1. Among the residues of segment 142-161, write down those that are buried (at least 20 other Cβ atoms within 10 Å of the Cβ) and either touching a strand residue (DSSP E or B) at 6+ places or on another chain (Cβ under 6 Å) or not assigned by TED's automatic domain parsing to the domain that holds Ile104 (or both).
2. Kindly indicate whether any position in segment 136-143 is modelled with pLDDT of 95 or more, within 13 Å of the ligand (Cβ to nearest atom) and out of contact with any His (no Cβ under 7 Å at 6 or more places or on another chain).
3. Quick one: in segment 3-52, of everything that is of a type in the set (S, T, N, Q) and crowded, with 16+ Cβ neighbours inside 10 Å, which residue is nearest to Tyr207 (Cα to Cα)?
4. Just wondering, is there one or more residues in segment 62-85 that are away from the ligand (no atom under 16 Å from the Cβ), outside the structural domain of Ser117 (by TED's automatic domain parsing) and aliphatic (A, V, I, L, M)?
5. Farther than 19 Å from Val156 by Cα, in contact (Cβ under 8 Å) with a residue 40 or more places away in the chain and surrounded by 13 or more Cβ atoms within 10 Å (Cβ to Cβ): does that describe Phe205?
6. Check off (1) over 27 Å from the mean Cα position of the chain (by Cα); (2) under 19 Å from Gly154 (Cβ atoms); (3) not in a helix (DSSP H, G or I) for Thr81 and give me the number that stays unchecked.
7. For segment 217-238, enumerate the residues that are of a type in the set (Lys, Arg) and either away from the ligand (no atom under 13 Å from the Cβ) or not assigned by TED's automatic domain parsing to the domain that holds Glu125 (or both).
8. Out of the residues in segment 162-196 that are polar (S, T, N, Q) and either in contact (Cβ under 8 Å) with a residue 12 or more places away in the chain or not assigned by TED's automatic domain parsing to the domain that holds Ser121 (or both), state the one that is farthest from the ligand (Cβ to nearest atom).
Amino acid sequence: MNKAYFHKPLLNEKAFRKLSEFIISNFGINISDNKKELLEFRLNKRLIALNFSSFDQYVDYLFSEKGIQQEPALMINEVSTNKTDFFREPMHFKVLVDTILPEISGSYKSGILPIWSAGCSSGEEAYSLAMCLQNYRTTHGGPDYHIFGSDISGTVLTKAVKAIYLMNDSIAINQDNLKRFFLRSKNNLSTEIRVARELRDKVSFDYLNLMDKEYKTSHTYPVIFCRNTLFYFDKNNRSEIVRKLISRLKPGGYLFISHTESLINMNQGLKLVFPSVYKKADGKQ
Ligand SMILES: C[S@@+](CC[C@H](N)C(=O)[O-])C[C@H]1O[C@@H](n2cnc3c(N)ncnc32)[C@H](O)[C@@H]1O
């Protein structure tokens, strides 16, 4: 029988240090001492999957030739916190539609307006953006668009690509959007809904670690959403990430962070224009 089921292995201090140092240096996720039990709880699933009975065994495996190739991606699925919702912090979507799209749309009349959802989790933010852009297209003749969602967790990216959610997840989606952009299962008992192809075709997802030295995105963006993600990082990493995000913003472009986050003391040429919405200088006087 699997030994790991007999007793729950405890995360000792030495293993905790090694794991938390590995996680912060590779993924930027800051695991303070008071999160030790949470890390123990979350990584227990990995010990069971690997049939290990102690965290020392897990650490040895992680740093082995095979482990270092395979384990970080699986570990991060357990360690990252992926809470998200459709139209989370709804004021941001109102600002986008009422103020920012009318300002920037003209520049994309004959092209594609790209928006980046960085730290997109399971895709709800990216699809909420797509609903706004698609509606704007219909009502105002707005431009064609593409939403790029990125994350480090393979589990959430797979869910985002599948685009299948539960009816309960749709509370913040208004009835018009729900009717227009979601498919119901033919099985009347099913509570699943799926984003319609019309939107899925406009959204793509990929792995991108915000700790990467530079962001190899295919565009510079007029709008980047990076919400409820900066809180993971310590001050230095946060400031570096903001610098790299700004480097992928067009002059005059907008960076959205969460209402619970702040860029205070990170004056990097951004101006606060709405609550938690920053504008990059456009180089004009
Ligand atoms: C709490 S969710 C936020 C989702 C969405 N932006 C929202 O506001 O609802 C934060 C996401 O950031 C991702 N994340 C954490 N560290 C990251 C990193 N180093 N690079 C990219 N994404 C990361 C997590 O996997 C998680 O899915």
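1. Answer for segment 142-161, where residues must be buried (at least 20 other Cβ atoms within 10 Å of the Cβ) and either touching a strand residue (DSSP E or B) at 6+ places or on another chain (Cβ under 6 Å) or not assigned by TED's automatic domain parsing to the domain that holds Ile104 (or both): Tyr145, Ile147, Phe148, Gly149, Ser150, Leu157, Ala160.
2. No, segment 136-143 has no match at all.
3. From segment 3-52, those of a type in the set (S, T, N, Q) are 12, 20, 25-26, 30, 32, 34, 44, 51; that's our starting set.
From the residues that got through so far, the ones that are crowded, with 16+ Cβ neighbours inside 10 Å too are 20, 30, 44.
Working: Ser20: 21, Asn30: 20, Asn44: 24 Å.
Checking each candidate, the answer is Asn30.
4. We begin by selecting, within segment 62-85, every residue away from the ligand (no atom under 16 Å from the Cβ); these are 62-71.
When the remaining residues are screened for being outside the structural domain of Ser117 (by TED's automatic domain parsing), the result is 62-71.
Narrowing the set further to residues that are aliphatic (A, V, I, L, M) leaves 62, 68.
Taking every residue of segment 62-85 in turn, at least one turns out to be away from the ligand (no atom under 16 Å from the Cβ), outside the structural domain of Ser117 (by TED's automatic domain parsing) and aliphatic (A, V, I, L, M).
5. Against the criterion (farther than 19 Å from Val156 by Cα, in contact (Cβ under 8 Å) with a residue 40 or more places away in the chain and surrounded by 13 or more Cβ atoms within 10 Å (Cβ to Cβ)), Phe205 does not qualify.
6. Among (1) over 27 Å from the mean Cα position of the chain (by Cα); (2) under 19 Å from Gly154 (Cβ atoms); (3) not in a helix (DSSP H, G or I), the lone unmet condition for Thr81 is (1).
7. Our first condition is that a residue be of a type in the set (Lys, Arg); within segment 217-238, this holds for 227, 235, 238.
Across segment 217-238, the qualifying residue is only Lys235.
8. Filtering segment 162-196 down to residues polar (S, T, N, Q) leaves 168, 170, 174-175, 177, 185, 187-188, 190-191.
Then keep just the ones that are either in contact (Cβ under 8 Å) with a residue 12 or more places away in the chain or not assigned by TED's automatic domain parsing to the domain that holds Ser121 (or both); that gives 168, 170, 177, 191.
Numbers: Asn168: 16, Ser170: 15, Asn177: 17, Thr191: 21 Å.
Looking at the filtered set, the residue picked out is Thr191.
The values are calculated or read from the model by the stated rules, or taken from the named source; none is laboratory data. As the structure is a computational prediction, the values presented were derived from the model and not from experiment. Cβ sites come from the backbone with ideal geometry, for glycine too, and all protein chains shown count toward neighbours.
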